[in-house]
Amino acid sequence: MAHYIDGYVLPIPRKSVNAYRRMAKKAGKLWRDHGALEFRECVGDDLNVTMGKPFPRGIKTKPGETVVFSYIVFKSRAHRDNVNAKVMKDARIANMCDPKAMPFDWKRMLYGGFKTIVEV
């Protein structure tokens, strides 16, 4: 069964990683409560690579920033749309979406929905 993925890449100040982790744990519970199959938040560890374009250069991190790579797994795009609609109606999301309280610059976040083409 090929799953559907929402993927995110965002720059985040290193000093904000713990605040982001706390927010992400709440978000993960919210998405899972509404049916997401997986919710992953990953902070950069080995980003000084020589192959391709490193994430920090691609997203243009500033001094003191690192990169967070995140994804949510769904059964299908229709399932994603259904889960995300429920999440957006959940009162808990309002507490997490104040742009002034975000531990990162949400305007620099990269986001997209992806069809799985290989699943091993």
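Hey, in the GNM for the chain with a 10 angstrom Cα cutoff, which one of 98, 33, 90 fluctuates hardest?
Evaluated over the chain, the most mobile residue of the options is 98.
Once you keep just the Cα pairs under 8 angstrom separated by 6 or more residues, what percentage relative contact order results for the chain?
In percent, rounded to a whole number, it is 51.
Given the rule -39500 (n - 2.57) for each run of at least 4 DSSP H residues, summed and divided by the residues of the chain, what is its mean residue ellipticity at 222 nm, to the nearest 500 deg cm²/dmol? Don't jump to the answer; show the numbers that get you there.
Working: 4 runs with 39 residues, N = 120.
My calculation for the chain gives -9500 deg cm²/dmol from helical runs alone.
Roughly how far apart, in whole Å, are the Cα centres of region 105-120 and region 1-79?
So the two Cα centres are separated by 9 Å.
By how many nm would the segment from residue 110 to residue 96 grow when fully extended, if each residue of separation counts as 0.36 nm and the alpha-carbon distance is taken off?
Length difference between fully extended and current span is 3.2 nm.
On a straight-distance basis, which lysines could pair with residue 29 in a cross-link, Cα separation under 21 angstrom, same-chain partners fewer than 8 positions away excluded?
75, 86, 89
None of the figures in this text is laboratory data; all of them are computed from the coordinates on show. As the structure is a computational prediction, the values presented were derived from the model and not from experiment.
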